[in-house]
Amino acid sequence: MLIIGNGRLVTRDAGQPFFENGAVAIDGTTIKKVGTLEEIKKEFPEAEFVDAKGGVIMPAFINTHEHIYSAMARGLSIKGYDPHGFLDILDGLWWTIDRHLTNEQTRQSARVTFIDSIKNGVTTVFDHHASFGQIKDSLFAIEDAAKEFGVRACLCYEVSDRDGMDKSREAVLENARWIKHALADDTDMFAGMMGMHAQFTISDETMELAAANKPDEVGYHIHVAEGIEDLHDCLHKYGKRIVDRLYDCNILGSKTLLGHCIYVNPHEMELIKATDTMVVHNPESNMGNACGCPPTMEIVHRGILTGLGTDGYTQDVLESYKVANVLHKHHLCDANAAWGEVPQMLFEGNAKIANRYFKKQLGVLKEGAAADVIVTDYVPRTPMDASNINSHILFGMTGRSVVTTVCNGKVLMKDRELIGIDEEKVLYEVREEAKKLERSING
Ligand SMILES: [Zn+2]
């Protein structure tokens, strides 16, 4: 038994959302009870105690769109790279990196991504992977890193014809092997999806191959209308809009996650809603790639299940919260926009999306839920209660406010010290592989 207590407790459970001085009792991999520190300590006197030291205890964060393969892009210089649009960014930077990635570089990218996730309080990651340099076993290399550090992961390989049909076939088969492996895993720590890059790099033939190799229990994870070029391609080649093509290819459904959805119209939103398909918004990435602002507020208002991701930009989901908050206010010229929608995406949407793949309840602290808990060192300067939690988080915390991270009942970081992880050694090994990657890219 483990108790995390002596702090303000935010449960995300509507029945009892906030305790001024609360505690969480953990039994194995699940939460046994939440309550006041006094009652929890009295009921479980023998339990090991993790002191929150007056900080805030919350459910661990979930990131519903991430790219581990981008980890080694930081500081990377690519000869001749001079992008003049979104397609140049894709081909000149991201596809250039993934064309050179070996499985060892994928594994090291995953290690450093997961360490950063733990430090930012993220214990569940939905990754969208590409490594056309070495496709086979790449998802299993990511699994190795997730197991090494104890985080929860839903993985997929982004199928694409961009490097030829042999490679897209290999990518479909990598997804199929991983999905089979994840479905057989009984730890509730791994899941799989059929990853697709974006419709503009996927032929009907490859769509059919993916469908033939996808078990019914899982859906697709695909970028949708991230750039206007994707929409133009679809109209030009198929005479229809992107979501219509995905609908016709039987891609939509309650297990399918659409990234971005910037250039979607009301009719497409209706299709997404009618098929109970999920959407993930990545505000910082959309701004950084100069792709445009998606109609995310309308998507949320229509009742579409929407989450918040980082798209490889950062592992700090609170950074995404801050950026989304100002992006939609700015874009809509509406100072009232996004106050409720963005925390709903981060705290409710991401949890609901995760629970379409993981059995134990995530994103909430209550009896029977997964023991994924964080502590931040935030001490409020103004009164904090159930009515203003999100305002305190938005304006008072960043990912680095997290001091303690627990995943599946295991303490991964305590008082900012990673448990059982030699961070300096990992970073050295990652830098060595990053050097090799840079050499292989630049010749
Ligand atoms: Zn992405």
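Here are some residues: Lys366, Lys360. Which one is open to solvent by less than 50 Å² (accessible area, probe 1.4 Å) and among the charged types (D, E, K, R)? Break it down stepwise before answering.
Numbers: Lys366 fails: open to solvent by less than 50 Å² (accessible area, probe 1.4 Å).
Sole residue among the options that is open to solvent by less than 50 Å² (accessible area, probe 1.4 Å) and among the charged types (D, E, K, R): Lys360.
Quick one: count up the residues across the range 389-443 that are under 19 Å from Phe61 (Cβ atoms) and in a helix (DSSP H, G or I).
11
Quick check, is Glu298 surrounded by fewer than 23 Cβ atoms within 10 Å (Cβ to Cβ), at negative phi, within 13 Å of the ligand (Cβ to nearest atom) and not in a loop (DSSP other than H, G, I, E, B)? Full working, then the answer.
Values: surrounded by fewer than 23 Cβ atoms within 10 Å (Cβ to Cβ): yes; at negative phi: yes; within 13 Å of the ligand (Cβ to nearest atom): no; not in a loop (DSSP other than H, G, I, E, B): yes.
Spelling it out, it is not the case that Glu298 is surrounded by fewer than 23 Cβ atoms within 10 Å (Cβ to Cβ), at negative phi, within 13 Å of the ligand (Cβ to nearest atom) and not in a loop (DSSP other than H, G, I, E, B).
Based on what the data block shows, is Cys234 away from the ligand (no atom under 16 Å from the Cβ), hydrophobic (A, V, I, L, M, F, W, C) and over 25 Å from Cys154 (Cα atoms)? Even if it seems obvious, please write down each step before you answer.
Values: away from the ligand (no atom under 16 Å from the Cβ): yes; hydrophobic (A, V, I, L, M, F, W, C): yes; over 25 Å from Cys154 (Cα atoms): yes.
In short, yes.
Go through (1) within 30 Å of Gly80 (Cα to Cα); (2) in contact with a helix residue (DSSP H, G or I) (Cβ under 9 Å, 6 or more places away or on another chain) and name the single condition Tyr428 misses.
The failed condition is (2).
Every residue, every condition in (1) of a type outside the set (Ser, Thr, Tyr); (2) farther than 30 Å from Pro343 by Cβ, yes or no:
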position	(1), (2)
Val56	yes, no
Ser70	no, no
Ala73	yes, no
Leu87	yes, yes
Asp127	yes, no
Gln134	yes, yes
Ala146	yes, no
Val151	yes, no
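Determine whether the range 352-369 contains at least one residue that is assigned to a helix (DSSP H, G or I), within 13 Å of the chain's Cα centre (by Cα) and within 16 Å of the ligand (Cβ to nearest atom).
Yes; the residues of the range 352-369 include at least one that is assigned to a helix (DSSP H, G or I), within 13 Å of the chain's Cα centre (by Cα) and within 16 Å of the ligand (Cβ to nearest atom).
Take the range 247-266 and flag every residue that is within 16 Å of the ligand (Cβ to nearest atom) and not in a loop (DSSP other than H, G, I, E, B).
Leu257, Leu258, Gly259, His260
Quick one: is Ala324 open to solvent by 10 Å² or more (accessible area, probe 1.4 Å) and among the small types (Gly, Ala, Ser)?
On the way: open to solvent by 10 Å² or more (accessible area, probe 1.4 Å): no; among the small types (Gly, Ala, Ser): yes.
It is false that Ala324 is open to solvent by 10 Å² or more (accessible area, probe 1.4 Å) and among the small types (Gly, Ala, Ser).
What pairs can you find where one residue is in the range 178-191 and in contact (Cβ under 8 Å) with a residue 60 or more places away in the chain, the other is surrounded by 14 or more Cβ atoms within 10 Å (Cβ to Cβ), and their Cβ atoms are less than 6 Å apart, with a gap of 6+ or different chains?
Here the result reads Asp188/Phe358; Asp188/Lys360; Met189/Arg152; Ala191/Cys154; Ala191/Ala182; Ala191/Tyr357, each pair linking the range 178-191 to a residue that is surrounded by 14 or more Cβ atoms within 10 Å (Cβ to Cβ).
Any chance the range 69-91 includes a residue that's among the polar types (S, T, N, Q), within 16 Å of the ligand (Cβ to nearest atom), touching a helix residue (DSSP H, G or I) at 6+ places or on another chain (Cβ under 6 Å) and touching a residue at least 24 places away in the same chain (Cβ under 8 Å)? Spell out how you get there, then give the answer.
If we filter the range 69-91 for residues that are among the polar types (S, T, N, Q), which is where we start, we get 70, 77.
Filter once more, so that each one left must be within 16 Å of the ligand (Cβ to nearest atom): 70.
Pick out the ones that are also touching a helix residue (DSSP H, G or I) at 6+ places or on another chain (Cβ under 6 Å) and you get none.
The answer is no; no qualifying residue exists.
List pairs: first in the range 34-48 and in contact (Cβ under 8 Å) with a residue 40 or more places away in the chain, second assigned to a helix (DSSP H, G or I) and surrounded by 11 or more Cβ atoms within 10 Å (Cβ to Cβ), Cβ under 9 Å, 6+ apart or cross-chain?
Val34/Ile40; Ala47/Ile40; Ala47/Lys41
Do we find that Val243 is open to solvent by less than 30 Å² (accessible area, probe 1.4 Å) and within 16 Å of the ligand (Cβ to nearest atom) in this structure?
No.
For the range 150-200, which residues satisfy the criterion of being part of a helix (DSSP H, G or I), over 30 Å from Val411 (Cβ atoms), open to solvent by less than 30 Å² (accessible area, probe 1.4 Å) and not β-branched (Val, Ile, Thr)? Steps first, please.
Quick first cut of the range 150-200, residues part of a helix (DSSP H, G or I) only: 165-184, 199-200.
Next cut, over 30 Å from Val411 (Cβ atoms) only: 165-177, 179-180, 199-200.
Okay, now just the ones that are also open to solvent by less than 30 Å² (accessible area, probe 1.4 Å), so 168, 171-172, 174-176, 179, 199.
Answer for the range 150-200, where residues must be part of a helix (DSSP H, G or I), over 30 Å from Val411 (Cβ atoms), open to solvent by less than 30 Å² (accessible area, probe 1.4 Å) and not β-branched (Val, Ile, Thr): Ser168, Ala171, Glu174, Asn175, Ala176, Gln199.
When both residues are 6+ apart or on different chains and their Cβ atoms are under 8 Å apart, which pairs have a first residue that lies in the range 125-151 and is without any contact (Cβ under 8 Å) to a residue 40 or more places away in the chain and polar (S, T, N, Q), and a second that is part of a strand (DSSP E or B) and within 16 Å of the ligand (Cβ to nearest atom)?
Within 8 Å, the pairs are Ser138/His129; Ser138/Tyr157.
Return yes when Phe347 is open to solvent by less than 10 Å² (accessible area, probe 1.4 Å), more than 16 Å from the ligand (Cβ to nearest atom) and of a type in the set (A, V, I, L, M, F, W, C) and no when it is not.
On the way: open to solvent by less than 10 Å² (accessible area, probe 1.4 Å): no; more than 16 Å from the ligand (Cβ to nearest atom): yes; of a type in the set (A, V, I, L, M, F, W, C): yes.
No, not satisfied.
If a residue counts only when it is open to solvent by 30 Å² or more (accessible area, probe 1.4 Å), which strands (runs of 3 or more DSSP E) contained entirely in the range 48-92 have at least 1 such residues?
Values: elements: 48-51, 56-59, 61-66.
Counting at least 1 such residues, we get 48-51.
I'd like the full set of residues that are touching a Ser or Thr at 6+ places or on another chain (Cβ under 8 Å), more than 16 Å from the ligand (Cβ to nearest atom) and part of a loop (DSSP other than H, G, I, E, B), limited to the range 306-344.
Asp316
Return yes when Ala290 is assigned to a helix (DSSP H, G or I) and either modelled with pLDDT under 95 or surrounded by fewer than 20 Cβ atoms within 10 Å (Cβ to Cβ) (or both) and no when it is not.
Details: assigned to a helix (DSSP H, G or I): no; either modelled with pLDDT under 95 or surrounded by fewer than 20 Cβ atoms within 10 Å (Cβ to Cβ) (or both): yes.
Judged against the criteria, Ala290 is not a match.
The values are calculated or read from the model by the stated rules, or taken from the named source; none is laboratory data. It should be emphasised that the depicted structure is a prediction, and the values quoted were computed from it without experimental measurement. Here the Cβ is made from the backbone with ideal geometry for all residues, glycine too, and neighbour counts use every protein chain on show. Quick note on the areas: whole protein, heavy atoms, side chains included, nothing else; ligands and nucleic acids left out. Shrake-Rupley method; radii C 1.70, N 1.55, O 1.52, S 1.80 Å.
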